[in-house]
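Report on one structure; see the data block that follows.
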Amino acid sequence: MIWKLAFRNIWRNKRRTLITSASVMFAGFLTITMSSIETGMWEKMLQNVIDQTTGQVQIQSKKFFDEPTLDNSFAFSESEFKKVSQIKHVTAVNPRIESFSLASFGEKTKPVYIIGVNPDLEDVMTGLKKRVVKGGYLGTQKGSGILLGVNLAKNLNILLGDSLAFFGQGYRGVFSVGMLPVKGFVKFPLEDMNNQMVYMNQIDAWELFQAPELYTQLMIRTKSNKYTDPVKNEIKENIKNDELKVYGWKELIPELVEAKEMDESTTVITMSILYLVVSFGIFGTLLMLINERRHEMGVLLAIGMKKRQLMGIVWLEFWLIAILGLTMAMILSLCITTYLKWFPVPLTGMEEVYEQFGFEAVMTATVSLKIFITELIKVTLIVSILSLFPVWKIYTLQPLNALRS
């Protein structure tokens, strides 16, 4: 009987039911969507950095992490390269040789960061080819040209086909000097990369730095970030070289990991305020629900209904409405977050602000079952606590006073 009465009461006053369920839906939708966007933005930024600069796993000389110079580069044999490539969950392996240098064109000189790559492997690993916004991609032959970050090209006032001169220190302190033609311009989501990056094929880099067949790092991409530790451990078992060290991406970009953790701490405070706001919203609709039905409840008690039965009906009625609201919140949040995941919204006018902090100026989201479940549990907990209010009001209700209201 209690179930039947509770279900009938829901649709007896459709306006009241819709208002109450809408307050619960708003609470669930807001918390799920905000958490999904926050997580999605960080995931995208981390993935951009991992894809472009570190890989999920990286092999370096033991000394290179503390002293990132060409003197701490290393040789890596074809058999070792093959072993790493065949490890389970590894999708790409990309050797690089990197170093700073000075680049000069005309009267302008800028500090640059040179990355010598295998053009084919680099494209598989980072998708460098699709980032070329003007000109062509790197060739595999000696002297085939270089790629410049768009801001660097603008600052040097250099055009396609012009030759850029390099001056710096090579392997074992030798003086490195060279001149290569500009083949294309590339644009990255990270502003620092646009300001200083120079890409050339590894043959030209070896000659420029006078470091034949040496690498400063071996980037390794896995199917997912969750495979970082298993792949890292397997590489340690397969590659027996005391001069090398294997790193996971968290070890390579600790500042970014710490920034994410600090941001999560701030988010906890923000979300706590949000939970408080939505709690008051739900409480307000509950207060309306009880006050509107005060006289009705007095009549039911006066004709002999027991308080525990009435409490059960109202409590069940509120929970049915809450479940309706939570279901709508989940469906609406799923639609919004899925759309934002596949079609990120450009944040027009905020590009410079976001790029200063390493973010791509788009609003995106992640679709995570964990986030949905966690936020729904939190809202359900809020609803559970607030559902005690109508029960308490009925428990303290005096039938005579209710009939006079």
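Only the coordinates and a few stated rules stand behind these numbers; no lab work does. Computed from a predicted model, the values in this text were never measured in an experiment. Using ideal geometry, Cβ is built from the backbone for each residue, glycine included, and neighbour counts are taken over all protein chains shown.
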**Request:** Give the calculated FRET efficiency between Leu274 and Leu347 to the nearest 0.05, with a Förster radius of 22 Å applied to their Cβ-Cβ distance.
**Result:** 0.55
**Relative exposure of Glu122, Glu264, judged by other C-beta atoms within 10 Å (fewest first)** = Glu264, Glu122
**Prompt:** Within the P(r) computed for segment 181-226, what percentage of the Cα pairs occupies the region above 15 Å?
**Reply:** 64
**Message:** I need the shape label for segment 137-230. Rule: rounded when a/c is under 1.5, else prolate if a/b > b/c, else oblate, with a, b, c from the alpha carbon gyration tensor.
**Reply:** oblate
**Prompt:** Using the per-residue mean of other Cβ atoms lying within 10 Å as a proxy for protection, in what order, highest first, do the peptides 279-291, 318-330, 76-88 fall?
**Reply:** 318-330, 279-291, 76-88
**Request:** Give a quick list of trypsin sites (Lys or Arg not before Pro) in segment 271-349 that DSSP marks as loop, anything other than H, G, I, E or B, with at most 12 other Cβ atoms within 10 Å.
**Result:** Lys306
**Asked** Which listed residue (Leu244, Leu156, Val84) has the Cα farthest towards the positive end of the charge dipole for the chain, taking +1 on Lys and Arg C-beta and -1 on Asp and Glu C-beta about the Cα centre?
**Response** Val84
**Asked** Using r as the Cβ-Cβ distance of Lys250 and Trp319, and R0 as 51 Å, what FRET efficiency do you calculate, to the nearest 0.05?
**Response** 0.75
**Message:** Test of the criteria: in segment 199-266, which trypsin sites (Lys or Arg not before Pro) are in a DSSP loop and have at most 12 other Cβ atoms within 10 angstrom of their Cβ?
**Reply:** Lys223, Lys240
**Request:** Calculate how large, on average over all directions, the projected area of the Cα convex hull of segment 26-98 is; give the answer in nm² to one decimal.
**Result:** 7.2
**Neighbour cut-off at most 15 other Cβ (10 Å), DSSP loop, trypsin sites (Lys or Arg not before Pro), segment 113-151** = Lys142
**Prompt:** If all Cα-Cα distances of segment 68-157 are sorted into 10 Å bins from 0 onward, what percent lands in each bin, rounded to whole numbers?
**Reply:** 13, 38, 35, 12, 3, 0
**Prompt:** Does anyone have the angle between helix 228-238 and the longest principal axis of the chain? Alpha-carbon axes, 0 to 90°, nearest 10?
**Reply:** 40
**Complete:** Bounding extents of the chain in its principal axis frame from Cα atoms, largest first in Å, are 100, 48, 29
**Prompt:** What full-extension length gain, to one decimal in nm, is calculated for Lys83 and Ser163 as 0.36 nm per residue of separation minus the Cα-Cα distance?
**Reply:** 24.9 nm
**Request:** Once every Cα of segment 63-241 carries one equal point scatterer and solvent is ignored, give the base-10 log of I(q)/I(0) from the Debye formula at q = 0.11, 0.16 Å⁻¹, two decimals.
**Result:** -0.49, -0.99
**Complete:** Checked segment 130-186 against the a/c 1.5 cut and the a/b vs b/c comparison, axes a ≥ b ≥ c from its Cα gyration tensor; verdict prolate
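Lys and Arg at +1, Asp and Glu at -1: add these up for the other residues within a Cβ distance under 13 Å of Gln196 and post the number.
On the way: positive: Lys110, Lys154; negative: Glu98, Glu191, Asp192.
Net local charge, Gln196 excluded: -1.
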**Prompt:** When only C-alpha pairs under 8 Å and at least 6 residues apart count, what is the relative contact order of segment 137-281, in percent?
**Reply:** 21
**Asked** Just Ile235, Ile385, Ile115 to compare: in a GNM of the chain, with alpha carbon springs under 10 Å, which one fluctuates most?
**Response** Ile385
**Asked** Whole number please: convex hull volume per residue of the Cα set in segment 176-294, in Å³?
**Response** 233
